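Novice: Okay, here's the structure, questions in a sec.
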Amino acid sequence: MHNTVKDITSVPLLDLNTEYEPIADQVLSAIKTVYEHKQFINGPEVYELEHAIASYCGSRHAVGCSSGTDALLLSLMSLGIGSGDEVITTTFSFFATAGSIARTGATPVFVDVNPQTFNIDPSLIEAKITSKTKAIMPVHLFGQMADMDPIMAIAKKHHLFVIEDAAQAIGASYTNADGVTKKAGTVGDIGCFSFFPSKNLGCMGDGGIVTCHDDSLAEQLNVIKNHGSKPKYYHSFVGGNFRLDTLQAAVLNVKLPYLNDHHKKRQENALFYNSQLSDLQIPFVLDTHSSIYNQYTLNLSNRDKVISSLNDANIGSCIYYPVPLHLQQCFAHLGYKKGDCPIAETLCDNVLSIPIFSGLTTEHLDYVVTHLREAISTH
């Protein structure tokens, strides 16, 4: 017997139990295998995952690493970006986007976003290019790829690298002007992914991967992630310890075959929300794009009051993100001020993400919509 809306008393923002319980035996078996062979660093499961992700994304190479943040840092280092350089990126993203640039000694240069997709506005990029600019780092936010055709055209014109921050978008795609469909992480020079537990493909801790097509770049990535060591104990440059744990790779190898099913369920949940909340500013997906809905994010003028009502109904929600990167205190020295990126600043005051994970039932979705409607009408 199905529960009714009245029977539901809470809906979390994310429930990993619904994802892991059906495959618990497979996950535990994979972990046991690693325990038995004891190759905890660079074990065979890491190489298996790298080949599988490369195949899934459509890239020539995939290089496992310790986190999505380190994927960005590793990519910047592999391209020789550092002190005195500038990297153009969006101001509306998780901190790692800009933090990784700053950690190399380079300067993040922030651009405002498209008010519909929330992704970087390509029309604003070229004006930010200087003689110090070395790369553009678009972010495929909330599961939808940025508008890559104009970004790639700008990069080609100015001889710039393109690093895709695809931490939230594994499996997302778009069809370019030539009618070719490409997946996130395969359009620019490098793609960076996160396996943080809340991602559509998450592991049991931190993990990440970098994709690319260039053989020499892939080799450079592999050397950098092992302290810049080649051969072992010989270092021509300083790298880092950015290796992906074998245990995490083993878990991801189990979960990857189910990823498209999880994408499909999130997309179905999004379609339900879209139909029930069509009078609100719901996530906008370009006709040429597909979204994997890492988040389902609304744009609400009365957000704080809505959050309070959802909390009363035990419905999980989250603000991604409350402060744009250009106004973060750690970047105050760059001289940005309020009003420099007005669209992102407004979004930070209004956006709210609601439950979208693949384990939601129809009853859960009804419960969320019912109480969200009540919250909006009350306020």
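The values are calculated or read from the model by the stated rules, or taken from the named source; none is laboratory data. Computed from a predicted model, the values in this text were never measured in an experiment. Ideal geometry is used to build each Cβ from the backbone, glycine not excepted, and the neighbour counts take in all protein chains shown. Note: accessible area is taken over every heavy atom of the protein model, side chains too, but ligands, DNA and RNA are not part of it. Shrake-Rupley method; radii C 1.70, N 1.55, O 1.52, S 1.80 Å.
Novice: Evaluate E = 1/(1 + (r/R0)^6) for Ser229 and Ile23, where r is the Cβ-Cβ distance and R0 equals 41 Å; express this FRET efficiency to the nearest 0.05. Spell out each step's value before the answer.
Specialist: On the way: r = 36 Å, r/R0 = 0.87.
It comes to 0.70.
Novice: So, in Å, what gap is there between the alpha-carbon centers of the stretch 351-379 and the stretch 273-333?
Specialist: The stretch 351-379 and the stretch 273-333 have Cα centres spaced 12 Å from each other.
Novice: May I pose another question? Can you list residues from other chains, or at least 5 along the same chain, whose modelled amide H is less than 5 Å from the amide H of Val11?
Specialist: So Val11 has HN proximity to Ile315, Gly316.
Novice: Here is a further query. Which semi-axes, in whole Å and largest first, does the equivalent ellipsoid of the stretch 249-289 have when worked out from the alpha carbon gyration tensor as the square roots of 5 times its eigenvalues? Please report the intermediate quantities before stating the final value.
Specialist: Numbers: eigenvalues 164, 26, 12 Å².
In descending order the semi-axes read 29, 11, 8 Å.
Novice: Given the DSSP H assignment, sum -39500 (n - 2.57) over each helix run of at least 4 residues in the chain and divide by its residue total; what's the result at 222 nm in deg cm²/dmol, nearest 500?
Specialist: Numbers: 12 runs with 136 residues, N = 379.
Computed ellipticity for the chain at 222 nm equals -11000 deg cm²/dmol.
Novice: Moving on to the next point. Leaving ligands, DNA and RNA out of it, report the carbon-plus-sulfur percent of the accessible area of the chain at a 1.4 Å probe.
Specialist: Values: 8710 of 16570 Å².
Ligands and nucleic acids excluded, carbon and sulfur reach 53 percent.
Novice: If I take R0 = 22 Å and measure r between the Cβ atoms of Val323 and Lys128 in this structure, what FRET efficiency does the formula 1/(1 + (r/R0)^6) give, to the nearest 0.05?
Specialist: Details: r = 21 Å, r/R0 = 0.93.
Approximately 0.60, to the nearest 0.05.
Novice: Using amide H atoms built in the peptide plane, which far-off residues or other-chain residues are under 5 Å from Ser67 H to H?
Specialist: For Ser67, the qualifying residues are Gly208.
Novice: For the stretch 172-225, state the semi-axes of the equivalent ellipsoid (square roots of 5 times the eigenvalues of the alpha-carbon gyration tensor), sorted largest first and rounded to whole angstrom. Can you show the working numbers first?
Specialist: Working: eigenvalues 104, 74, 5 Å².
Whole-Å semi-axes of the equivalent ellipsoid: 23, 19, 5.
Novice: How far, in nm, would the chain grow between Ser236 and His51 when pulled straight, counting 0.36 nm per residue and subtracting the alpha carbon separation?
Specialist: 63.8 nm
Novice: How many Å² of accessible area per residue for the chain, probe 1.4 Å? Mind showing how you got there, number by number?
Specialist: Working: 16570 Å² over 379 residues.
Per residue, the chain has 44 Å² of solvent-accessible surface.
Novice: Moving on. Calculate one ³J(HN,Hα) per residue across the stretch 186-202 by plugging θ = phi - 60° into the Karplus curve 6.51 cos²θ - 1.76 cosθ + 1.60, and present them in order as whole Hz with x for glycine and proline.
Specialist: 10, 9, x, 6, 9, x, 10, 10, 10, 10, 3, x, 7, 6, 4, 10, x
Novice: So what are the radius of gyration and Dmax for the Cα set of the stretch 251-379, in Å?
Specialist: Taking only Cα atoms of the stretch 251-379, I get Rg and Dmax of 16.8, 49 Å.
Novice: Further question: By what distance, in whole Å, do the Cα atoms of the stretch 1-114 stretch along each of the three principal axes, largest value first?
Specialist: Result for the stretch 1-114: principal-axis Cα extents of 62, 47, 25 Å.
Novice: P(r) for the stretch 293-351: what percent of alpha-carbon pairs falls in each 10 Å bin, starting at zero?
Specialist: 21, 42, 27, 9, 1
Novice: Okay, next question. For the stretch 218-229, in order, what is each residue's ³J(HN,Hα) by Karplus, 6.51 cos²θ - 1.76 cosθ + 1.60 with θ = phi - 60°, in whole Hz (x at glycine and Pro)?
Specialist: 4, 4, 4, 4, 5, 6, 4, 5, 10, 6, x, 9
Novice: Could you tell me which trypsin sites (Lys or Arg not before Pro) in the stretch 36-124 are loop residues by DSSP with no more than 10 other beta carbons within 10 angstrom of their beta carbon?
Specialist: Working: sites: Lys38, Arg60, Arg103; in loops: Lys38, Arg60.
Answer in residue order: Lys38.
Novice: How big is the gap, in Å, between the Cα center of the stretch 89-140 and the Cα center of the stretch 211-264?
Specialist: Value for the Cα centre distance between the two parts: 24 Å.
Novice: Relative to 2.2 N^0.38 Å, what does the C-alpha radius of gyration of the stretch 231-310 come to as a ratio? Two decimals please.
Specialist: Working: Rg = 20.7 Å, N = 80, 2.2 N^0.38 = 11.6 Å.
Against the empirical 2.2 N^0.38 Å value, I get 1.78 for the stretch 231-310.
Novice: Could I have the simple spin-label model distance between His159 and Asn302, label points 7 Å from Cα toward Cβ, reported in nm to one decimal?
Specialist: Label at His159, label at Asn302, 5.6 nm between them.
Novice: Rounded to two decimal places and with Rh computed the Kirkwood way over Cα pairs, what is Rg over Rh for the chain?
Specialist: Dividing the radius of gyration by the Kirkwood radius yields 0.97.
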